[in-house]
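The values are calculated or read from the model by the stated rules, or taken from the named source; none is laboratory data. Given the structure is predicted, the values throughout are model-derived calculations rather than measurements. A quick note on method: Cβ atoms are made from the backbone with ideal geometry, for glycine too, and the neighbour counts reach across all protein chains shown.
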């Protein structure tokens, strides 16, 4: 599909209405119609205004120019002269109101000018229905201006039937990189909270009038906003320490950060580097922080606690290459000579300011990535799994981002003694990174290495029953209900549960009724009861990300196994030779249902996670073989 862009310029003024219904004259308007296969998909309006009028627009946040949704000025502030140019896009659901009233696109600008005289209250003329994409002004020193949130996440993309959350996530990363440049000197929890609220509110308001974007898509988008926001910013509840004075060295700023953030560390002799320890959900490892003053760079490394054996290095190199292709912040590295694996994040500092939040934005994504992919590395080394299988299994397991007032992992130690911390570092026996990339391990001060402490304790769930134990109660279980849901049903309940937890307010009744109607349509009268029980399960259980994904996987497997059982029955025609095959699949279905119940009731340990990933792979392979034979 090819997009065509046509511009229609007018030398006459066009009068719009601001949020108080006061006239707002704009100069030299140009209307741009973007078409796809001869069908208009977007309308943009570019116009000139005086700097004085821009001050009014900025103050009143006209054209959806809220402060939290503006990027950074590229080349200094706006000047009193010359005029400022704004490019805005029309609210998508109003596009038909424009195209249906014109015979051809070149008449669009004339139509707007005509209705500004005859129908000044027409929604096409309201600044609230136009979203500013970028604002710029030519100056002698070069053009200055900024892009808005809507430049990165254009409202017209929300009407695509095939919109993906990945597109939104990528746009979010780009916007926040731009936004942080503007607000870095004014970082606070309130600032970030206000920005997050503005983004989610903007999406929710747009969703109310956008008919072609589904509920699933919009809730997924809102979740991605939340996840991206937390990962890029990750500001704790307590006040952010004051910015580090500009005259401090990078090393001093680095030491200040780890001191303020309650990390224990040891200084490395004759090097501007620190050695630290970290414990995540899936293991413990050594970290290095390094300052390169001349190059104005800060580097942070997580050293994998397992050294790659020679016969696994090529396989791990493929695994790392595949993982790195999707990375946004940082990357994995493998030393072919020593077998050392590390994850590196780095920053080149262009200004004199290295803030607490900026260092934090490199450190915590770093340790999260090592914690996320460590099980994959272990599986390749010890379980002989292929890189493709490891990527397929591990990438789908989202490590739940920490709440803003807690450390990244739910399993972080609350306290560790100096003796045990030193013992942990000494027993790790991890060689330092190469001299050209990370510091050596020649310590001068044997300071206690303290694992970062979790700010909140989470209540542990009871341990799952052993294989020898059998359930004593005969009742409808969670697995009975969850197994009746399709992948689409599970996804909807998951999104509702996540959004309710993030926004702390009930979901609109229309959304819940929509899910209930779909279940009744598919399951008949039973659908109403299944909806009620499913809603209760998700509301009461507070599943974490890993539980939800494994519930979806095992629920899907149970459906596929049932299809296979029905296939075997249809082929058997009472033949006793089919009984062993049928019995095998029935046992597998029962085992899958038991696993689903276990996931719904108990926390998942790292070892159980690996075991289930391997089990899922085995079952899928058996299903694939059976399908080929049939």
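When the test is whether a residue is touching a residue at least 12 places away in the same chain (Cβ under 8 Å) and either out of contact with any strand residue (DSSP E or B) (no Cβ under 9 Å at 6 or more places or on another chain) or over 21 Å from residue 392 (Cα atoms) (or both), residue 520 does not pass it. Could you check residue 81 against (1) part of a loop (DSSP other than H, G, I, E, B); (2) surrounded by 14 or more Cβ atoms within 10 Å (Cβ to Cβ) and say which number it fails? Evaluating residue 81 over (1) part of a loop (DSSP other than H, G, I, E, B); (2) surrounded by 14 or more Cβ atoms within 10 Å (Cβ to Cβ) leaves (2) as the failure.
Of the residues making up segment 39-55, just one is touching a residue at least 24 places away in the same chain (Cβ under 8 Å), farther than 17 Å from residue 89 by Cβ and under 36 Å from the mean Cα position of the chain (by Cα), namely 54.
Name the residues in segment 10-27 that are at pLDDT below 80 and in contact with a strand residue (DSSP E or B) (Cβ under 6 Å, 6 or more places away or on another chain), would you? Selection gives 10 alone.
Of the conditions (1) surrounded by fewer than 17 Cβ atoms within 10 Å (Cβ to Cβ); (2) modelled with pLDDT of 85 or more; (3) out of contact with any helix residue (DSSP H, G or I) (no Cβ under 7 Å at 6 or more places or on another chain), residue 581 clears all except one; give me its number. The failed condition is (3). Somewhere in segment 341-359, is a residue crowded, with 16+ Cβ neighbours inside 10 Å, more than 24 Å from the chain's Cα centre (by Cα) and at pLDDT 90 or above? Scanning segment 341-359, I find at least one residue that is crowded, with 16+ Cβ neighbours inside 10 Å, more than 24 Å from the chain's Cα centre (by Cα) and at pLDDT 90 or above, so the answer is yes.
Taken over segment 600-613, residues that are closer than 21 Å to residue 280 by Cβ and in a helix (DSSP H, G or I) amount to 8. Here residue 549 fits the description: assigned to a helix (DSSP H, G or I), within 28 Å of the chain's Cα centre (by Cα), at pLDDT below 80 and closer than 30 Å to residue 582 by Cα.
For residue 605, the criteria (1) modelled with pLDDT of 80 or more; (2) closer than 29 Å to residue 375 by Cβ hold in every case but one, which is (1). Contact map, segment 323-340: residues that are at pLDDT below 85 paired with residues that are in a loop (DSSP other than H, G, I, E, B), Cβ distance under 8 Å, separation 6+ or inter-chain. Pairs shown: 326/395.
Taking the stated definitions as given, is residue 35 under 20 Å from residue 127 (Cβ atoms) and in a strand (DSSP E or B)? When the stated conditions are applied, residue 35 does not pass them.
Considering 292, 296, 322, 275, the condition of being surrounded by fewer than 18 Cβ atoms within 10 Å (Cβ to Cβ), farther than 22 Å from residue 390 by Cβ and either in the same structural domain as residue 604 (by TED's automatic domain parsing) or under 30 Å from the mean Cα position of the chain (by Cα) (or both) is satisfied by 296 alone. Checking each residue in segment 475-510 for being modelled with pLDDT under 65, assigned to a helix (DSSP H, G or I) and farther than 17 Å from residue 543 by Cβ picks out 503, 509, 510. Within segment 367-378, can one find any residue that is at pLDDT 90 or above, within 28 Å of residue 607 (Cβ to Cβ) and in a loop (DSSP other than H, G, I, E, B)? No, every residue in segment 367-378 fails to be at pLDDT 90 or above, within 28 Å of residue 607 (Cβ to Cβ) and in a loop (DSSP other than H, G, I, E, B).
Kindly evaluate residue 87 against the criterion of being surrounded by 14 or more Cβ atoms within 10 Å (Cβ to Cβ) and assigned by TED's automatic domain parsing to the domain that holds residue 148. Against the criterion (surrounded by 14 or more Cβ atoms within 10 Å (Cβ to Cβ) and assigned by TED's automatic domain parsing to the domain that holds residue 148), residue 87 qualifies.
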